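In what follows, a structure is listed as structure tokens, so that the remarks can point back to it.
The values are calculated or read from the model by the stated rules, or taken from the named source; none is laboratory data. If you're wondering where the values come from, they're calculated on a predicted model, not measured in any experiment. Don't worry about glycine lacking a Cβ; one is built from the backbone with ideal geometry, like all the others, and counts go over all protein chains shown.
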């Protein structure tokens with residue numbers, strides 16, 4: 001079976017302005033969401049206590065809310081269904097440092113009258129840890145970007161690196177925007193998902209760039225737009241195929257993986273879709289937009305080759321005892 | 001015909017070892033190294049504790065003051081105003097002839113700065129080096145003590161590790177309900193600071209009218225009784241003995257069959273105790289545990305032998321907890337809870353079920369799709385994919401890694417990404433075949449051209465995973481580990497493994513020339 005004919009070249013670059021505009025719109029939309037609505041930080045980052053309770057019958061949310069609201073310590077707690085009608089999650093902004101007092105135990109004692117239930121999970125994160133996690137999370141994100149920038153500049157060229165970073169930021173910002181829009185709770189697993197998107201989208205972009213790099217040295221085409229069209233078209237079936245298989249897996253994870261990894265799977269789902277789109281339509285467009293010069297790249301490669309040849313010659317002469 | 005080429009042989013080895021080493025993990029009752037389930041999957045308690053290191057410095061100062069007091073009393077040196085304030089010990093030597101003796105004693109204590117004013121008034125502080133050392137030791141000691149206590153508590157596989165400067169990670173997979181959890185938390189948090197202190201009999205009657213500051217004037221502190229905060233005692237701030245000198249502690253029963261705790265002091269402790277009781281007959285001795293007076297019996301005679309007891313209306317559980325805590329040593333500094341995650345066993349089981357189902361369903365989808373799209377080449381890719389999973393599992397087992405929920409998601413994701421290398425290679429081969437290049441050349445060139453792209457793409461992902469590992473905590477680390485192993489495994493299986501299979505089958509492909517069946521080309 002084949003999805004795309006290998007020998008066909010699609011005219012991606014002539015439409016790049018419309019793709020770039022669409023992306024700009026999505027990015028601005030996402031940024032507005034992030035800065036107005038804000039991310040819904042879970043207890044991993046904001047600190048607090050989370051209690052997951054499963055009732056034998058349907059969880060009496062109204063009753064629970066009434067009980068907790070009447071207690072001054074838990075007035076601002078929020079509760080919501082979790083996966084099924086029997087299961088709920090209660091979130092409390094408080095945490096306790098004292099090992100002998102446990103908010104989870106206190107809440108269960110308060111809720112004794114609401115029916116038969118089982119406490120399935122109690123997570124408590126102190127404010128210090130939350131701050132630390134947020135900080136290390138940002139450091140990890142920042143370091144990843146720098147490492148990518150260095151590696152890609154080293155293996156390709158600076159403009160490839162910049163274009164791939166822009167494509168990455170594009171994916172991450174839009175993913176964050178979707179997380180905002182759907183009020184996904186941002187915990188450590190979402191951070192992991194974002195970093196995975198980073199890796200995934202980069203993977204995709206680099207495969208395309210590798211083709212362009214190869215095309216520059218093997219093809220006679222000196223028009224950048226035409227060359228990029230050719231190379232992106234050639235990788236089209238690979239990009240779609242890989243995205244499709246990854247998509248299969250992530251969708252099953254999203255649908256059947258259970259409530260706890262739902263947010264994680266959702267973020268990945270968005271990431272796979274946006275990542276695929278950006279590596280086909282955005283990354284290479286930026287390369288063209290950045291006025292990447294085939295001639296310069298070729299000259300540089302030629303110079304590298306020349307230097308290497310000179311070195312080899314010198315070595316050969318040295319080994320033959322001429323110097 | 002070259003069926004056995006080196007790539008194929010290496011690949012066969014990978015398959016063999018992958019299956020062999022991952023068997024214990026799939027069938028958990030088999031012996032050998034296996035993947036253990038993380039707390040989020042099997043249920044249990046995870047805690048991050050912070051050590052209050054300043055307290056350790058404080059208690060170090062206290063012990064210095066105790067030894068000054070003991071020495072001067074033994075040598076009959078008269079001192080006054082022995083006090084601790086903000087980690088500074090002050091005292092006044094009354095007789096200037098005894099300065100040399102005092103200096104000699106102080107010189108034997110390591111890590112202190114000594115200042116004197118008018119030769120007689122001493123100010124003693126810890127050197128910065130000593131403060132750092134004391135803090136460091138208090139964390140190490142806390143790890144050791146908590147580990148000891150949990151070992152004696154009888155839980156399965158408690159795991160206590162230091163994290164960073166002052167934090168400690170405690171993992172208890174054996175905890176299944178909130179009652180057990182409460183017990184474990186109590187045991188860990190108990191400072192178990194036993195102090196034997198002298199009651200200031202001269203001012204004992206004034207205790208109820210005194211403030212903290214008044215008491216401090218005389219070098220005293222006011223302590224409450226353990227079970228009745230209205231009963232107060234005025235005791236000398238500097239203890240005679242501390243729990244450090246305890247070598248054993250056990251639960252026993254008194255005449256009325258109430259649980260009590262008996263303890264045995266080491267030889268130097270026994271000597272100090274004997275000396276003190278001999279000199280203070282008729283006065284009271286307060287038995288203080290974690291800042292509360294449990295009893296204050298009269299000293300009727302010199303107590304030799306170095307043993308004593310604590311009574312105070314304990315329940316049996318309480319008494320045995322205190323005995324364990326005293327035996328395994330006091331915490332120099334208290335610990336506070338920074339993070340706690342407890343997962344009930346039923347939730348863990350549900351999570352495994354859901355993630356496993358997603359893993360299998362996703363995997364089957366990918367398998368069907370690959371075979372449908374690529375024909376025989378798809379089957380070869382699927383073989384590589386399955387081997388890939390075995391390799392991930394076996395490598396994780398070798399390193400004794402724990403499988404967490406994000407880790408499982410990581411495996412699911414690697415399956416999706418591992419297909420990638422195969423897809424890149426297959427697409428290249430198809431492309432070359434269409435250009436009319438011979439089969440053997442297409443395969444060779446396809447691999448060599450795909451190699452660069454696969455390497456560049458995977459190395460960057462690997463770099464991100466390494467950063468994730470370095471800066472992540474707990475579950476994130478598990479995720480980074482599985483992804484890294486998955487990437488490396490996929491490179492072995494896709495680049496080496498499938499190439500080996502093609503090499504072995506080359507003559508067959510050559511004779512059939514059916515590209516549709518072999519590579520799915522229409």
- If you take the residues in segment B:212-242 that are more than 21 Å from residue B:73 (Cα to Cα), touching a strand residue (DSSP E or B) at 6+ places or on another chain (Cβ under 6 Å) and not in a strand (DSSP E or B), which one is modelled with the lowest pLDDT? B:226
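Test residue B:489 against the stated conditions and say whether it is crowded, with 19+ Cβ neighbours inside 10 Å, within 11 Å of another protein chain (Cβ to nearest Cβ) and in contact with a helix residue (DSSP H, G or I) (Cβ under 8 Å, 6 or more places away or on another chain). Give the steps one after another, and end with the answer.
Details: crowded, with 19+ Cβ neighbours inside 10 Å: yes; within 11 Å of another protein chain (Cβ to nearest Cβ): no; in contact with a helix residue (DSSP H, G or I) (Cβ under 8 Å, 6 or more places away or on another chain): yes.
In short, no.
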- Message: Within segment B:492-518, take every residue that is within 14 Å of chain A (Cβ to nearest Cβ) and farther than 27 Å from residue B:461 by Cβ and give me the one that is modelled with the highest pLDDT.
- Response: B:518
- Message: Condition check: more than 12 Å from every other protein chain (Cβ to nearest Cβ) and buried (at least 24 other Cβ atoms within 10 Å of the Cβ). Does residue B:482 satisfy that?
- Response: no
- (1) farther than 16 Å from residue A:298 by Cα; (2) more than 7 Å from chain B (Cβ to nearest Cβ); (3) touching a helix residue (DSSP H, G or I) at 6+ places or on another chain (Cβ under 6 Å); (4) surrounded by fewer than 24 Cβ atoms within 10 Å (Cβ to Cβ) all hold for residue A:205 apart from (4)
- Note on the structure: Of the residues in segment B:338-376 that are more than 30 Å from residue B:519 (Cα to Cα) and more than 7 Å from chain A (Cβ to nearest Cβ), the one that is surrounded by the most Cβ atoms within 10 Å (Cβ to Cβ) is B:348
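Based on this model, can you work out whether residue A:13 counts as surrounded by 12 or more Cβ atoms within 10 Å (Cβ to Cβ), within 33 Å of the chain's Cα centre (by Cα) and under 30 Å from residue A:285 (Cβ atoms)?
Spelling it out, residue A:13 is indeed surrounded by 12 or more Cβ atoms within 10 Å (Cβ to Cβ), within 33 Å of the chain's Cα centre (by Cα) and under 30 Å from residue A:285 (Cβ atoms).
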- strands (runs of 3 or more DSSP E) (entirely within segment A:1-103) containing at least 2 residues that are within 14 Å of chain B (Cβ to nearest Cβ): A:48-55, A:84-92
- helices (runs of 4 or more DSSP H) wholly in segment B:6-97 with at least 3 residues that are surrounded by fewer than 19 Cβ atoms within 10 Å (Cβ to Cβ) - which ones? B:6-26, B:53-74
- Message: Tally up the residues in segment B:392-434 that are more than 14 Å from every other protein chain (Cβ to nearest Cβ) and either out of contact with any helix residue (DSSP H, G or I) (no Cβ under 9 Å at 6 or more places or on another chain) or surrounded by 24 or more Cβ atoms within 10 Å (Cβ to Cβ) (or both), please.
- Response: 5
- In segment A:116-132, which residue that is more than 7 Å from chain B (Cβ to nearest Cβ) and modelled with pLDDT under 85 is nearest to residue B:458 (Cα to Cα)? A:132
- Note on the structure: Per the filter on segment B:178-192, residues in contact with a helix residue (DSSP H, G or I) (Cβ under 9 Å, 6 or more places away or on another chain) and either within 11 Å of chain A (Cβ to nearest Cβ) or modelled with pLDDT of 80 or more (or both) are B:178, B:181, B:182, B:183, B:184, B:186, B:187, B:188, B:190, B:191
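Condition check ((1) facing chain B (nearest Cβ under 8 Å); (2) within 14 Å of residue A:179 (Cα to Cα); (3) free of Cβ contacts under 8 Å to residues at least 40 places away in the same chain; (4) crowded, with 19+ Cβ neighbours inside 10 Å) across all residues:
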position: A:248; (1), (2), (3), (4): yes, no, yes, yes
position: A:259; (1), (2), (3), (4): no, no, no, no
position: A:264; (1), (2), (3), (4): yes, yes, no, yes
position: A:267; (1), (2), (3), (4): no, yes, no, yes
position: A:270; (1), (2), (3), (4): no, yes, no, yes
position: A:274; (1), (2), (3), (4): no, yes, no, yes
position: A:278; (1), (2), (3), (4): no, no, no, yes
position: A:283; (1), (2), (3), (4): no, no, no, yes
position: A:287; (1), (2), (3), (4): no, no, no, yes
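Out of all the residues in segment B:432-476, which are at positive phi and under 47 Å from the mean Cα position of the chain (by Cα)?
B:474
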- Given A:214, A:221, which one is in a helix (DSSP H, G or I) and either surrounded by fewer than 24 Cβ atoms within 10 Å (Cβ to Cβ) or more than 7 Å from chain B (Cβ to nearest Cβ) (or both)? A:214
- Is segment B:451-463 home to any residue that is buried (at least 19 other Cβ atoms within 10 Å of the Cβ), part of a helix (DSSP H, G or I) and more than 9 Å from chain A (Cβ to nearest Cβ)? no
- Run residue B:170 past the list (1) in a loop (DSSP other than H, G, I, E, B); (2) within 14 Å of chain A (Cβ to nearest Cβ) and report the number of the one that doesn't hold. (1)
